[in-house]
Amino acid sequence: VQLQASGGGLVQAGGSLRLSCAASQSIFSFNVMGWYRQAPGKQRELVASIISGRTTNYAASVKGRCRISIDNAENTVYLQMNSLKPEDTAVYYCNAVLTYVNYWGQGTLVTVSS
């Protein structure tokens, strides 16, 4: 399993970004797909996840501002992030769970300037 994340960058507070995670196989083969982030000096935390391609879950800090979605034709999971805040600055990682095994993509850096 390979996961390729992209879409990070520098954005001003209040702006938007869309992160993409391209998987090497069908999205629906995974039990869970999600996005995590890790800010400097902090632990990695869940941002959003989608279970069995349907049920979504969001961290309280991003609820209402982020949306996770999938495009199975493209084997891609997206994270649309709106109304970005400086505290959203972190390295964002794509995650996939398949039969209790976690797979991680390389991180993509999101920097939100105030």
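The values are calculated or read from the model by the stated rules, or taken from the named source; none is laboratory data. Values in this document were obtained by computation on a predicted structure and should not be read as measured data. Here Cβ is always computed from backbone atoms with ideal geometry, including for glycine, and neighbour counts include all displayed protein chains. Protein only, heavy atoms only, side chains kept; ligands, DNA and RNA dropped before computing areas. Shrake-Rupley method; radii C 1.70, N 1.55, O 1.52, S 1.80 Å.
A few remarks follow.
- Candidate set: segment 54-70, residues that are over 18 Å from residue 19 (Cβ atoms) and of a type outside the set (S, T, N, Q); chosen: the one most open to solvent (accessible area, probe 1.4 Å): 54
- Test result for residue 92, surrounded by 13 or more Cβ atoms within 10 Å (Cβ to Cβ), within 10 Å of the chain's Cα centre (by Cα) and hydroxyl-bearing (Ser, Thr, Tyr): yes
- Wholly within segment 1-78, strands (runs of 3 or more DSSP E) carrying at least 3 residues that are within 13 Å of the chain's Cα centre (by Cα): 3-6, 17-23, 32-38, 45-51, 55-58, 66-71
- Answer residue from segment 4-48, given it is among the hydrophobic types (A, V, I, L, M, F, W, C) and without any contact (Cβ under 8 Å) to a residue 60 or more places away in the chain and is farthest from residue 77 (Cα to Cα) among those: 39
- Considering segment 55-73, and only residues there that are at pLDDT 95 or above and among the charged types (D, E, K, R), the residue that is nearest to residue 96 (Cα to Cα) turns out to be 67.
- Qualifying positions in segment 95-111 - open to solvent by 10 Å² or more (accessible area, probe 1.4 Å) and not in a loop (DSSP other than H, G, I, E, B): 97, 98, 101, 102, 103, 104, 108, 109, 111
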